[in-house]
Amino acid sequence: MIIATAGHVDHGKTSLVHALTGVDTDRLAEEKARGLSIDLGFAYWPLKDGPIIGFVDVPGHERFLRNMLAGVAGLDAALLVVAADDGLMPQTYQHLTVLSIMGVETVVVALTKCDLVTDIRIENVTRAIKKFLSASTFAEPKVVPVSTVRGFGLEKLRSEIRALSADFQPRPSVGNFRMTIDRAFQMHGTGLVVTGTVSSGTVSNGDRLKLMPSGQEVRVRTIHAQNEVGHKGTTGQRLGLNVTGTKLDTQFSGRGNWLVSGALNLPTQCFDAEVVLRGIETNSLKTWTNVHLHIGTAQLMARLKPIDKKEPEPGSKGFAQLILKRPISALFGDRFILRNASADRIIGGGRVIDPFAEKRGRRQRERALRLAALNNPETVYALRKLLTV
């Protein structure tokens, strides 16, 4: 099970993960010097007689939103951290927007820094959190008051996470292997190691895979699954893979790339999608709008073209084609985030429907009807609908 933190800067996400797991997820010297998370951090909590829970600790500062967005691919749940003295803040709302667009439905709320405030303040902030979440797409969670300084509330929070894990249904390990890469580094005496979250399939020692979108072949030497040495990795796990190949370069194997089975070595630079525009936007999505696309762990520029001349209005959904600046790996159902051209706000997001779309025929009504038919995870249903278009 993979859980990401979410919340405003300086609300205690990293301290809370440390209290739960004993791991300091701030790896960089600059992070330790500034007391501020800049990049993604990772920690693991082995449950007694249960699975190993992986935590992805994301930065809360708005300047590092790009790094935060690279950590929300393949999540099962989120640990929302709200400081009792501050309450709900701008990045709290922004992170919840990201989680909603990415399809995360389960949230556990930790109300931190409760040693600094009165009981009345705790009650008021708890009420505000529940009111906001009840009007959102998230199932209403329990809010657990905690203090990492005094240690109270931590066992209650652990119990909530254990209960969440007990109800969790792992995703089936079907299909070809595919993993989004969030880190790549050279280890002395070992070679290249890539880490990420598996979105489909399984991998075993000795398997030959392809780096996407470069297409370079690698062989898996050793596997760390959920921070333990193993012989196999599967869907929903965080893996560290020691891979070998000819002239491997972290530029083509690091964050923003994918590791896939040979059958999925199909880069695309144009896909059709269902796109939702946030309700707070003031204008529709115009033809050839320039956007920042965040998909998997990649960020790149793209141009957006509405399909069938219907420009998505604020708060609505519509079909659109995205033409990318460079190739990526994209498959049906992949979720993505869109930011405006200056990358200073999230304008929406969506799901990939046709990952290998043709640029011709965007204005045809039949194109929209075909996408509506394809926009269903049940293959049989989608094929039947296609026959009626």
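The values are calculated or read from the model by the stated rules, or taken from the named source; none is laboratory data. Everything numeric in this text was worked out from a predicted model, so none of it was measured. All Cβ positions, even for glycine, are placed from backbone atoms using ideal geometry, and neighbour counts span all protein chains on display. These area figures cover heavy atoms from the full protein model, side chains too; ligands, DNA and RNA do not enter into them. Shrake-Rupley method; radii C 1.70, N 1.55, O 1.52, S 1.80 Å.
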Report the label-to-label distance for Glu378 and Lys131 in nanometres (one decimal), using points 7 Å from each Cα along the Cα→Cβ vector. 4.1 nm
Which residues qualify? For Ala83, with a placed amide H closer than 5 Å and at least 5 residues away or on another chain, they are Thr112
Suppose R0 equals 45 Å; then what is the FRET efficiency for Tyr93 and Leu387 from their Cβ-Cβ distance, rounded to the nearest 0.05? 0.55
Work out from phi, with θ = phi - 60° and the Karplus expression 6.51 cos²θ - 1.76 cosθ + 1.60, the ³J(HN,Hα) of each residue of the stretch 305-314, listed in order in whole Hz, and give x for Gly and Pro. 10, x, 9, 6, 6, 9, 7, x, 8, x
Give the shape of the stretch 158-281 as rounded, prolate or oblate, defined through the alpha-carbon gyration tensor: a ≥ b ≥ c are the square roots of its eigenvalues, a/c under 1.5 means rounded, and otherwise the shape is prolate if a/b is larger than b/c and oblate if not. oblate
Over the stretch 252-389, with every protein chain in place, what whole percent of the accessible area is carbon and sulfur at 1.4 Å, could you tell me? 51 percent
Give me the one-decimal nm value for the distance between modelled label points at Arg27 and Arg365, 7 Å along each residue's Cα-to-Cβ direction. 5.4 nm
Computed E for His61/Ser214 - FRET, C-beta separation, R0 41 angstrom, nearest 0.05: 0.85
For the chain, built as a Gaussian network whose Cα springs stay under 10 Å, the top-fluctuating residue of Leu133, Leu331, Leu65: Leu133
May I ask you to give the solvent-accessible area per residue for the chain, in square angstrom, as obtained with a 1.4 angstrom probe? 46 Å²
When the Kirkwood hydrodynamic radius is evaluated over all pairs of different C-alpha atoms of the stretch 229-307, what value in angstrom, to one decimal, is obtained? 16.4 Å
Give, rounded to the nearest 20 debye, the magnitude of the charge dipole that the stretch 1-117 has about its Cα centre when Lys and Arg contribute +1 at Cβ and Asp and Glu contribute -1 at Cβ. 140 debye
How large is the convex hull of the C-alpha atoms of the chain per residue, in Å³? 146 Å³
Applied in sequence order to the stretch 85-99, the curve 6.51 cos²θ - 1.76 cosθ + 1.60 (Karplus, θ = phi - 60°) yields integer Hz couplings, x standing for Gly and Pro, of 6, 8, x, 5, 10, x, 6, 4, 5, 5, 5, 5, 4, 4, 4
When all alpha-carbon pairs of the stretch 238-279 are counted, what percent fall beyond 11 Å? 81 percent
Starting from the exponent 0.38 and prefactor 2.2 Å, build the expected Rg for the stretch 99-243 from its residue count and divide its actual Cα Rg by it. 1.39
Tail weight of P(r) past 13 Å, computed on alpha-carbon pairs of the stretch 84-123, percent: 60 percent
Highest mean first, what order results for 104-114, 302-312 on Cβ atoms within 10 Å? 104-114, 302-312
With no solvent and one point per C-alpha, what does the Debye sum give as log10 I(q)/I(0) for the stretch 146-205 at q = 0.22, 0.24, 0.27 Å⁻¹? -0.89, -0.94, -1.06
The stretch 139-229: trypsin sites (Lys or Arg not before Pro) in DSSP loop, at most 10 other beta carbons within 10 Å: Arg150
To the nearest µm²/s, what D does Stokes-Einstein give for the stretch 247-368 at 37 °C and 0.692 mPa s, using the Kirkwood radius over alpha carbon pairs as Rh? 222 µm²/s
What residues qualify as long-range amide H neighbours of Leu192, i.e. H under 5 Å apart, gap of 5 or more or another chain, H built at 1.01 Å from N? Met187, Val243
D_trans [Stokes-Einstein, Kirkwood Rh over alpha-carbon pairs] for the stretch 47-124, 37 °C, 0.692 mPa s, µm² s⁻¹: 233 µm²/s
Calculate how large, on average over all directions, the projected area of the Cα convex hull of the stretch 119-169 is; give the answer in nm² to one decimal. 4.3 nm²
In whole Å, what three semi-axes, largest first, describe the equivalent ellipsoid of the stretch 40-177 built from its Cα gyration tensor (square root of 5 times each eigenvalue)? 25, 19, 15
Between Ser159 and Arg326, take the C-beta separation as r, use R0 = 51 Å, and let me know the FRET efficiency to the nearest 0.05. 0.65
Principal axis dimensions, the stretch 1-60 - Cα atoms, whole angstrom, descending: 38, 21, 16
Can you give the Kirkwood hydrodynamic radius for the stretch 326-385, in Å, rounded to one decimal and based on Cα pairs? 13.4 Å
Full extension from Ala343 to Asp308: what is 0.36 nm times the residue separation minus their Cα-Cα distance, to one decimal in nm? 9.9 nm
Among Ile337, Ile223, Ile280, the residue with the largest mean-square fluctuation in a Gaussian network model of the chain built from Cα contacts under 10 Å is Ile280
Cross-link partners among lysines for Lys232, C-alpha distance below 19 Å, same-chain residues fewer than 8 apart left out? Lys210
